[in-house]
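Laboratory data are not the source of any read-out in this text; all were calculated from the coordinates shown. Given the structure is predicted, the values throughout are model-derived calculations rather than measurements. When we count neighbours, we look across all protein chains shown, and the Cβ atoms used for this are built from the backbone with ideal geometry, even at glycine.
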Amino acid sequence: MSSSNKNQFNSCQEEDDDDDENKNQRICLADDIHQVLDRLNQFHTNESKFLKDLKEWSNEAHDTVDKFYKSKHDEYIRRTKEDIDRSKEILNSLTSDHDASEDYLDWANNVIQSIHQQIDDFEQVKSIFSPLKIDNCLINYPSRISDLRRHSSPVKELFSDILLSSSSISHFNTNQSNKISFVNLKVPTHMIKLQSDNWYSLSANQTSLVVSEKTNLYLIDQSFTIIEKKSFIQIGIKDICWSNILSRFIIISPKNIYTLDDKLIESELSSINSIKNYPWERGTCCDTTLFISTFGENPFIIELTLFSYHLIILF
């Protein structure tokens, strides 16, 4: 066999091997698809572990309500019997002796009329029951089956790469992976309601959380209770952050920067003034550095330390 024929034979052999491997991969993919479809078809929602646990929780909740009902029921009967027995004792102590004085008879009649009135009130009492309020946060749904729209096909990703090839913008990879998550955001440990139609900024230190809205600051402790409220209606609040190096909160207002102690008691006006009348908008801290951004046309960010600052223009 000549060298050229041998090379041609080897090339054909490699192509056949590639075709066989590709065929085997397609078969495996089809088997995997059918296996997942079988699991989805055999999944009985009504028999899921979540609904079983939900039913058990419901039974326990009913038991709790029943126990509460029984305690109120028994207490009502006990108190009512005591009132009736006491009234009987009073009535039995009254005498209808013909030698009784007129004052005694008047007093006895008043006692009898009073008991009659109390019985009428007792029979016509208006019960005051507060409705049982259920918080939706009592039950958290399990994680959903992965949304297939998040897993785009390689063809679409390749097309997207071509479109973005001339751009330096990169994106976070939001696809789920088998890596262990660093945070568990499924179950909230606390929740507090805020006023509607307001935007809020949040900042926290080791002991408390500060919530800022347009003109007010709220200090919230670790039990999620508002323990202090301060009004800054004169300056307006755009953002707030915590500085470890200063051990104080930093308040960003359109024209000035303030520092505030962790109890929201003492505030100080800093020497940082707005630049060329650009209003301050947002801020954040890192170690000994404070970054502040502006709002409007030609916005910029400044970096400040204890002794100097640098100006960075964003185009």
Original post:
Considering amide H positions built from the backbone, and no H for Pro or chain starts, which residues 5 or more places from ASN216, or on another chain, come under 5 Å of its amide H?
Top reply: PHE232
Subject >> Mean projection area, nm², convex hull over Cα of the stretch 201-313 >> reply: 6.8
Original post:
Can you pick out the pairs among LYS49/LYS133; LYS23/LYS52; LYS55/LYS126 whose Cα atoms lie more than 32 Å from each other?
Top reply: LYS23/LYS52; LYS55/LYS126
**OP:** Would you please put 104-112, 232-240 in order of how densely packed they are, using the mean number of other Cβ atoms within 10 angstrom per residue and starting with the highest?
**Re:** 232-240, 104-112
Original post:
So how strong a dipole does the stretch 201-313 carry about its Cα centre when Lys and Arg Cβ are +1 and Asp and Glu Cβ are -1, to the nearest 20 debye?
Top reply: 260
Subject >> Charge dipole of the stretch 48-113 about the Cα centre (unit charges at C-beta), most positive-ward option of PHE50, HIS73, TRP107 >> reply: PHE50
